[in-house]
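Okay, so here's the structure we're looking at.
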Amino acid sequence: MNRNMEQKKIKRDFEKLITELKKKDGFIHQQVKHNDSTIHVGYLKTSVDPEKLQKYVLPRIQDYVYNDLTELENHMPIAKTELQNDASKVQEKLVNGFLFIHMEGSSPAFLLIPIPLDEKRQVSVPEVEFSVVGPKEAFVEDIDTNLNLVRKRLAIPELQIEKLQVGTVTKTAVAVVSIKGIADEENVNTAVQRINDVDIDQVIDSSFVQETIADNKNSPFPQLLDTERPDRIASILVEGKVAIFVDGSPHVLLGPTTLIEFFSAFEDYFLNWMVASAFRLIRLIAVFFSILITPMYVAVLTHHFEIVPNEMMPTLVSSREQVPFPPIMEAIILELAIELLREAGAKLPTKVGQTIGIVGGIVIGTASVEAGLTSNVLLIVVGIAALGSFTTPVYKMSNTIRLIRFPLIIVAHVYGLLGLTIFIAYIMVHLLRLTSLGRPFMEPIFPFRLKDFKDALIRLPFDKQHKRPYAVRPSKVTRPPAKDEGK
Amino acid sequence: MITLKDKVSSFFVFFLITAAQIGIGVLGFQRIISEYAGHDAWMSIIVAALAISGVIWLMYRMLGHHEEGDIIGIHRFTFGKWLGGLLSVLFAAYLVLLATVVLRTYVEIIQVWMFPHINVWALLLLILPLVYYIISVEFRTVVGVCFLGVVYPSFLLLTLFFPLKYAEPTNIMPVMDHSMIEIIQSSSLAILEFMGVSALLVFYPFIRDAAKSQKFAQLGNGATMLVYLAICIVSYLYYNQQELTDVIWATLGFWKIIELPFMARFEYFGISTLFFSILPNIALFTWASARTLDRTFHAGHKKMALLVITILFLVCVGMTDRMGVNIINDVAGKMGLVVLFVYVPLLFLLNVVRRKVKKNGS
């Protein structure tokens, strides 16, 4: 009697479910006779893998002998199947790539089989952080593939992965990865805590997380480094830092980071230490040059032309003779032109982009000098500044460098070198106050730690770096001793 | 109240002391201190530094005895709530005066050397928000500014090699041509350049292992002495005493003769760079003043910082001519002498007596 009541309720629920689902696009409902009862199979065409469906599920429904769904479940060569009696749960599962089997008169009534269709990009070569030597793998959009790429390099039980979910609508999977015993628990907790506190509805890329968990959201400087290289992530995990993976994003965040780290390319670690140090220094100088050279030009020509040595004066004067604008106008026009070129180049397909470079660089540049709209000295200056900003290995940081040039040009116009110095002091104080996951951003410059300079402005040989960077407060400061030391 | 996170390692005391002492003075102290001892005045710097070193020792003896370990606590303990509070306010005013001297003199130099027609208030509106940005939240930021304010402008010391080409050793001969009294008289003028050390009375509790940091404070004082000594000797070698009376900013005079392949007229660059050297002065003094007021009235650090900066702005704008700048320099120098060599020893003695009395009483 009781059993009959239950069966009736299930039948009612099932009919309701079918009518509901029929409204959905791509819902497929098949009926098969088996023994004396009818088997219903239902799924969404767009979210299940047709290969798995044909190969594993359908043959077993027809060919095998079973009396109820529990027996059928034992025949299925697929993990994580579920038995369900509640029809209302079924619909939700269907969206996630499940297929349901309903057998009339059976209890439990539904068997749910996960055969989701995974659209994945193949692991490819890093494009943003390309290096000539070293590994050639880059992260893809799928979080499991990404975690696997790191796990391959760090096949140790201490690797701890904490899975979280963010975004009230998107429910994106986020993983906080660190090495137990090396990473400071406080850093891991800070990261987990902040990700849990994220209260936005969509997390489409790691940049969303990067911005919402930043220590200071009103800062032009990125406070977490993003990379597309699994080798880099493996390396920073061993140093004791924390990595944050976001599903759907080929960029993995890492922290706590420092200002200097943004200017160290991972390629530095594949080259001889002397070569790597030299190039790292050149890169840093290039960045300073890139920020300061145009404002300096404006400051000197507007207020302190006495600074220009006598031998250089004629060159400067003759180049500016024809120009009808004050230096500030000239500089801003040219800088904007370069920004336009860059934006245009970035938005166009690669092949067309090259043409833009030629048109912009050569044609506009030469023509504007010949027309007497800008001086050719400034053209050189702006060109060098643009080149300098391209040497920054992290794209987000190079954007920041592009941006802070403009206020500098304006203060240089108003107060000359003095204005420049004051504005640089503003930036300096801002950087002093910044933190990354609660750790100082300017380390090792301030707080000054001589030990951490081994891998900051320059990179010393690996065997000279016995200690992990203190900036991240690793639990184990000393790297494991060499093999023969244990004897 | 002050957590371990707010404290800085004792090694930074070196930079705090040096940054507080070296400031605007480096540009023109040579003429001022030569008033009594003439070409022997460089010895007065050593005398002054030694005297300051004694004051630092005294301060550490006094501060180490108190849990809170700053001058406000000592005032309250020694003089009670009302008189102690009043003295703390006076001390805060003295710190604001120091900041004013530095800022106004720097603005004066900018008016004379770079922008004769600059609007003082407009320039201050550019600088003072920066000071507020430094002092409003954490002491750590102030320390950072002090650190960079010592390290970054230190390359300017290299410019001392340029005037050596024209050095005239007879200018400082014969050595010890003046009496000890004259040298000590001159050193009383040189104290103005070392006065920044008073900030120690306020930031002491922010130092980790504060009691053990005295060696860094003494080293900082020593470093300051070496810098002044080097500048002073080079100046006396380059200028003779006659010329020295005519130049107001002797150090800026050095920069005028520097010619580099890419830069003539180094002084524009030098004066701008010097901003990094005077910024720690202003930041540290205003921070210390705001903290003293906050500890006395419990009105919130940010509000007090704002108040101090407003006072600084009004005083600097109000002072329009060279005479005013000279007067506050003189006043600050005399006040500094009184504070460091009369008030601090007196406070030390009274504090010892008070502690004894309290001990016997209980």
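The values are calculated or read from the model by the stated rules, or taken from the named source; none is laboratory data. A quick note: this is a predicted structure, and the numbers were derived from the prediction, not measured. Cβ placement follows ideal geometry from the backbone for every residue including glycine, while neighbour counts extend to all protein chains displayed. Keep in mind that these areas ignore ligands, DNA and RNA; they rest on the heavy atoms of the full protein, side chains included. Shrake-Rupley method; radii C 1.70, N 1.55, O 1.52, S 1.80 Å.
Evaluate the following for residue B:222: is it more than 14 Å from chain A (Cβ to nearest Cβ) and open to solvent by less than 40 Å² (accessible area, probe 1.4 Å)?
yes
Tally the residues that are within 12 Å of chain B (Cβ to nearest Cβ), open to solvent by 30 Å² or more (accessible area, probe 1.4 Å) and of a type in the set (A, V, I, L, M, F, W, C), restricting the search to the stretch A:430-457.
The total comes to 3.
For every residue, the table says whether it meets (1) in contact (Cβ under 8 Å) with a residue 40 or more places away in the chain; (2) among the aliphatic types (A, V, I, L, M); (3) touching a His at 6+ places or on another chain (Cβ under 6 Å).
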| position | (1), (2), (3) |
| --- | --- |
| A:180 | no, no, no |
| A:202 | no, no, no |
| A:206 | yes, no, yes |
| A:211 | no, no, no |
| A:215 | yes, no, no |
| A:232 | yes, no, no |
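So, restricting to helices (runs of 4 or more DSSP H) that lie completely within the stretch B:1-65, which ones have at least 2 residues that are open to solvent by less than 30 Å² (accessible area, probe 1.4 Å) and closer than 30 Å to residue B:173 by Cβ?
Ranges flagged: B:29-37, B:41-63.
From the set of residues in the stretch B:309-341 that are more than 19 Å from residue B:196 (Cβ to Cβ) and among the small types (Gly, Ala, Ser), which is surrounded by the most Cβ atoms within 10 Å (Cβ to Cβ)?
Here the residue is B:324.
Any chance you could count how many residues in the stretch A:264-282 are assigned to a helix (DSSP H, G or I) and either at pLDDT 90 or above or not hydrophobic (A, V, I, L, M, F, W, C) (or both)?
So in the stretch A:264-282, the residues assigned to a helix (DSSP H, G or I) come out as A:266-269, A:273-282.
Next, only the ones that are either at pLDDT 90 or above or not hydrophobic (A, V, I, L, M, F, W, C) (or both) stay: A:267-269, A:273-282.
The number of residues fulfilling the criteria is 13.
Of all residues in the stretch A:315-331, how many are assigned to a helix (DSSP H, G or I) and either more than 14 Å from every other protein chain (Cβ to nearest Cβ) or among the basic types (Lys, Arg) (or both)?
Selection size over the stretch A:315-331: 9.
Let me confirm something: among A:403, A:460, A:379, A:373, which residue is more than 14 Å from every other protein chain (Cβ to nearest Cβ), under 26 Å from residue A:244 (Cβ atoms) and either β-branched (Val, Ile, Thr) or open to solvent by 20 Å² or more (accessible area, probe 1.4 Å) (or both)?
Step by step, each of A:403, A:460, A:379, A:373 is checked, and only A:403 is more than 14 Å from every other protein chain (Cβ to nearest Cβ), under 26 Å from residue A:244 (Cβ atoms) and either β-branched (Val, Ile, Thr) or open to solvent by 20 Å² or more (accessible area, probe 1.4 Å) (or both).
Tell me the strands (runs of 3 or more DSSP E) entirely within the stretch A:1-93 that contain at least 2 residues that are more than 44 Å from the chain's Cα centre (by Cα).
Filter on the stretch A:1-93 gives A:27-34, A:37-44.
Only one of these is in contact with an Asp or Glu (Cβ under 6 Å, 6 or more places away or on another chain) and touching a residue at least 40 places away in the same chain (Cβ under 8 Å): B:91, B:14, B:29, B:77. Name it.
B:29
What's the number of the condition residue A:285 fails, among (1) open to solvent by 20 Å² or more (accessible area, probe 1.4 Å); (2) in a helix (DSSP H, G or I); (3) within 14 Å of chain B (Cβ to nearest Cβ); (4) modelled with pLDDT of 90 or more?
(3)
Looking for whichever is of a type in the set (A, V, I, L, M, F, W, C), without any contact (Cβ under 8 Å) to a residue 24 or more places away in the chain, in contact with a helix residue (DSSP H, G or I) (Cβ under 8 Å, 6 or more places away or on another chain) and farther than 25 Å from residue B:16 by Cα here; the options are A:429, A:477. Which one fits?
A:477
Can you run down the residue pairs with Cβ atoms below 8 Å, 6 or more apart or on separate chains, where the first is in the stretch B:246-258 and at negative phi and in contact (Cβ under 8 Å) with a residue 12 or more places away in the chain and the partner is part of a loop (DSSP other than H, G, I, E, B) and among the hydroxyl-bearing types (Ser, Thr, Tyr)?
Close Cβ pairs satisfying both conditions: B:247/B:239; B:250/B:239; B:253/B:239; B:257/B:166.
Got a sec? Which of A:136, A:171 is under 30 Å from residue A:50 (Cα atoms) and not assigned by TED's automatic domain parsing to the domain that holds residue A:90?
A:171
Have a look at A:308, A:300 and point out the one that is in contact with a Leu (Cβ under 8 Å, 6 or more places away or on another chain), open to solvent by 20 Å² or more (accessible area, probe 1.4 Å), within 14 Å of another protein chain (Cβ to nearest Cβ) and modelled with pLDDT of 85 or more.
Working: A:308 fails: open to solvent by 20 Å² or more (accessible area, probe 1.4 Å).
After applying the criteria, what remains is A:300.
Please report, ordered by residue number, the helices (runs of 4 or more DSSP H) entirely within the stretch A:332-444 with at least 2 residues that are under 28 Å from the mean Cα position of the chain (by Cα).
A:350-358, A:376-390, A:395-433
Would you point out the residue of the stretch A:94-124, among those that are polar (S, T, N, Q) and either in the same structural domain as residue A:69 (by TED's automatic domain parsing) or in a strand (DSSP E or B) (or both), that is nearest to the chain's Cα centre (by Cα)? Before the answer, list the steps.
Of the residues in the stretch A:94-124, the ones polar (S, T, N, Q) are A:96, A:106-107, A:122, A:124.
Restricting the remaining residues to those that are either in the same structural domain as residue A:69 (by TED's automatic domain parsing) or in a strand (DSSP E or B) (or both) gives A:96, A:106-107.
Working: A:96: 25, A:106: 49, A:107: 47 Å.
Filtering the stretch A:94-124 for residues that are polar (S, T, N, Q) and either in the same structural domain as residue A:69 (by TED's automatic domain parsing) or in a strand (DSSP E or B) (or both), the one nearest to the chain's Cα centre (by Cα) comes out as A:96.
In the stretch A:106-153, what residues are within 30 Å of residue A:268 (Cα to Cα) and among the aromatic types (Phe, Trp, Tyr)?
Of everything in the stretch A:106-153, those that are within 30 Å of residue A:268 (Cα to Cα) and among the aromatic types (Phe, Trp, Tyr) turn out to be A:130, A:139.
Just checking, which of B:157, B:128, B:189 is within 14 Å of another protein chain (Cβ to nearest Cβ) and either surrounded by fewer than 21 Cβ atoms within 10 Å (Cβ to Cβ) or among the aliphatic types (A, V, I, L, M) (or both)?
Details: B:157 fails: within 14 Å of another protein chain (Cβ to nearest Cβ); B:189 fails: within 14 Å of another protein chain (Cβ to nearest Cβ).
On inspection, the qualifying residue turns out to be B:128.
If residue B:113 satisfies every condition in (1) more than 14 Å from chain A (Cβ to nearest Cβ); (2) buried (at least 16 other Cβ atoms within 10 Å of the Cβ) but one, which is the exception?
Among (1) more than 14 Å from chain A (Cβ to nearest Cβ); (2) buried (at least 16 other Cβ atoms within 10 Å of the Cβ), residue B:113 violates only (1).
Return yes or no: is residue B:347 exposed (fewer than 15 other Cβ atoms within 10 Å of the Cβ) and aliphatic (A, V, I, L, M)?
no
Any chance you could count how many residues in the stretch B:297-308 are open to solvent by 30 Å² or more (accessible area, probe 1.4 Å) and either assigned to a helix (DSSP H, G or I) or under 14 Å from residue B:93 (Cα atoms) (or both)?
Qualifying residue count, the stretch B:297-308: 6.
Residue-wise test of (1) touching a strand residue (DSSP E or B) at 6+ places or on another chain (Cβ under 7 Å); (2) open to solvent by 50 Å² or more (accessible area, probe 1.4 Å); (3) outside any loop (DSSP other than H, G, I, E, B); (4) modelled with pLDDT of 90 or more.
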residue	(1), (2), (3), (4)
A:141	no, yes, no, yes
A:148	no, yes, yes, yes
A:157	no, yes, no, yes
A:165	yes, yes, yes, yes
A:174	yes, no, yes, yes
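Please enumerate the residues belonging to the stretch B:258-294 that are away from chain A (no Cβ under 14 Å) and of a type in the set (A, V, I, L, M, F, W, C).
B:285, B:288, B:290, B:293
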